[in-house]
1. List the pairs whose first member sits in the range 80-96 and is within 19 Å of LYS58 (Cα to Cα), whose second member is in a helix (DSSP H, G or I), and whose Cβ atoms are under 6 Å apart, counting only residues at least 6 apart or on separate chains?
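The values are calculated or read from the model by the stated rules, or taken from the named source; none is laboratory data. Quantities reported herein were computed from a predicted structural model and do not represent experimental measurements. Cβ: placed from backbone, ideal geometry, glycine included. Neighbour counts: every protein chain shown.
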Amino acid sequence: MINKSPSFKARSARPFSDLLGPALADALKARGFATADIIGHWPDIVGVRLAEQSQPLKIQWPPRPKMDKPDTPAQPATLILRVESAFALEVEMGAAQIIERINAVFGWRCVGKLRLKQGPVEHPERRERPRPPELSPAAARQLEKDLGGIEDQGLREALERLGRQVRGSKPVTAP
């Protein structure tokens, strides 16, 4: 039965990005980003290879022109990037092209220069995987025996990792 009272308001499903945007707005604003566009489109702007070795940290905007000089054009911002040390020179050499691409994405000259901070770039997909659990000597021998007939080395290694995970995990009990 559908409630048709005047106070009832039907809700429809909304994309997750519509909910996430307002939640991130304050954090992005604190770092000078008006939107998450530059962060979300970073691989498209610099290419996958450089995107894996760099990440936008902050946009520093210059002070606004004084009110008594309204005709003064707005100055472009400085984009601060964290870059893996080995790629800093490559990013520095391609800075003009990176700036040009950023400005093309936004449709105006919002970034005028890059400032690099060297250091490790953390990407969630590159986090270290946990080690497989240690097996008892008997379980390790049984796993070796079970994999004995597999000749393909890559398949054997993959099945060994899987076997260690399965045999080393604690059994699930029914409630």
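1. VAL83/VAL91
Rundown of residues vs (1) under 16 Å from GLY112 (Cβ atoms); (2) modelled with pLDDT under 90; (3) more than 21 Å from the chain's Cα centre (by Cα); (4) not in a loop (DSSP other than H, G, I, E, B), yes/no style:
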| position | (1), (2), (3), (4) |
| --- | --- |
| LEU24 | no, yes, no, yes |
| THR35 | no, yes, no, no |
| ARG49 | no, yes, no, yes |
| LEU57 | no, yes, no, yes |
| MET67 | no, yes, yes, no |
| PRO73 | yes, yes, yes, no |
| LEU81 | yes, no, no, yes |
| GLN97 | yes, no, yes, yes |
